Amino acid sequence: MQATEMAGRAGTAGLESWHFMSDSSIAKRLEAAVCSVVRGQAEVVRKVLAAMLAGGHVLLEDYPGTGKTTLAKALARAIGGAEFKRVQFTPDLLPSDILGVSVFDPRSQEFRFHPGPVFTDILLADEINRASPRTQSALLEAMGERQATIDGHCHELNGLFFVIATQNPVEFRGTYPLPEAQMDRFAIQCALGYVSPAEEAEILAAQEEGHPVDSLQPVVTREQVLALMAAARKIRFSAELRDYVVALVGATRGRREVQLAASPRASLALMKVSQALALLEGADFVSPELIQRVAVEVIAHRLVLEPEARFSGADARRIVLDLIEQTPVPV
């Protein structure tokens, strides 16, 4: 009886291991497809995928022409069956242009709801800081609770619902800074940056006859991505690492340069993104190193610095890096 039970446990463990290897290979296939289009940005692509598998959202802030929109389009094309919508944010954009609107039908004598672009799997919010705060806030409920309340009715957002928002840091005319509550809804904030001369030459060669994103074929299905999201939540995260994440995020609340520190939402995002990153790395547990790799992207954009600290040259990313060095790592 005991031998049979041990054999059953071994079989279950082997099955779990097989499932994990399968999930990891699917995730790597998706990553490779995106990286085939977005050259020289492997680390950023991996972190964006980690945010998606963690159920979070991404803010890409960088100079024009660095590939922000291309990354979003490549990700959408690589996932078969995923619905992709793009909204170009402008000052005259209204909340109903994003959420949808109820229109009266004279035939049936009732209002019919026409869903907006927020009802999708992957939403590209291009140049999000060009819209007014009123329109920006239309995404708050959707990003935070995966639902949208329109005309008093609550509509669930099913599927992936992954928001990739972009903004240019050098354009200030006609833009509105994202409010703190909006920034807190993004799991991570990334910057692509400029690639090396050799990688830029590869980009030119790849686009001599057309853009690679136009010929990109799906490599995973929408259902497989949803399964990966479920698998990421099962990656082992020890109690010691939970204490480490709480200590790291909590350390932002004791800095005199910080006016608004990171909230528990940052702790949750750091845990979930590091779990998804472990899956992409082919590991079945989270290590402190994985947490440290995404800590800056998860925490820094949530911090609001004191005015005198900003004027003296303080930087939120540098503060998070200092906290990583100062916070004891569990062994």
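Only a single item in (1) within 20 Å of L71 (Cα to Cα); (2) more than 21 Å from the chain's Cα centre (by Cα); (3) of a type in the set (G, A, S); (4) surrounded by 12 or more Cβ atoms within 10 Å (Cβ to Cβ) is not met by A205, and it is number (4).
Take the conditions in contact with a helix residue (DSSP H, G or I) (Cβ under 8 Å, 6 or more places away or on another chain) and modelled with pLDDT of 95 or more and apply them to V246. Does it pass? Before the answer, list the steps.
Details: in contact with a helix residue (DSSP H, G or I) (Cβ under 8 Å, 6 or more places away or on another chain): yes; modelled with pLDDT of 95 or more: yes.
Judged against the criteria, V246 is a match.
Just for segment 190-222: of the residues that are farther than 22 Å from A78 by Cα and outside any helix (DSSP H, G or I), which one is modelled with the highest pLDDT?
By that ranking, first place goes to S196.
Would segment 143-156 turn up any residue that is in contact (Cβ under 8 Å) with a residue 60 or more places away in the chain, touching a His at 6+ places or on another chain (Cβ under 8 Å) and either exposed (fewer than 12 other Cβ atoms within 10 Å of the Cβ) or under 16 Å from I128 (Cβ atoms) (or both)? Yes - at least one qualifying residue is present in segment 143-156. Is it true that G116 is surrounded by fewer than 15 Cβ atoms within 10 Å (Cβ to Cβ), in contact with a strand residue (DSSP E or B) (Cβ under 6 Å, 6 or more places away or on another chain) and either charged (D, E, K, R) or within 30 Å of L30 (Cα to Cα) (or both)? No: the conditions fail for G116.
Considering A309, A278, the condition of being buried (at least 22 other Cβ atoms within 10 Å of the Cβ), assigned to a helix (DSSP H, G or I) and not assigned by TED's automatic domain parsing to the domain that holds Q182 is satisfied by A278 alone. Of the strands (runs of 3 or more DSSP E) contained entirely in segment 79-175, those carrying at least 3 residues that are over 18 Å from L59 (Cβ atoms) and out of contact with any helix residue (DSSP H, G or I) (no Cβ under 8 Å at 6 or more places or on another chain) fall at 100-105, 110-115, 153-156. Scanning segment 40-67 for residues that are under 13 Å from the mean Cα position of the chain (by Cα) and of a type in the set (D, E, K, R) returns R46, K47, E61.
Among the residues examined, A300 qualifies as under 13 Å from L248 (Cβ atoms) and not charged (D, E, K, R).
Filtering A300, A283 for residues that are over 21 Å from K234 (Cβ atoms) and surrounded by 15 or more Cβ atoms within 10 Å (Cβ to Cβ) leaves a single hit, A300. Count of segment 176-189 residues, restricted to those that are part of a loop (DSSP other than H, G, I, E, B) and touching a His at 6+ places or on another chain (Cβ under 8 Å), is 3.
The values are calculated or read from the model by the stated rules, or taken from the named source; none is laboratory data. Not measured: the values here are computed from a predicted model. Every residue, glycine as well, gets a Cβ built from its backbone with ideal geometry; the counts of neighbours run over all protein chains shown.
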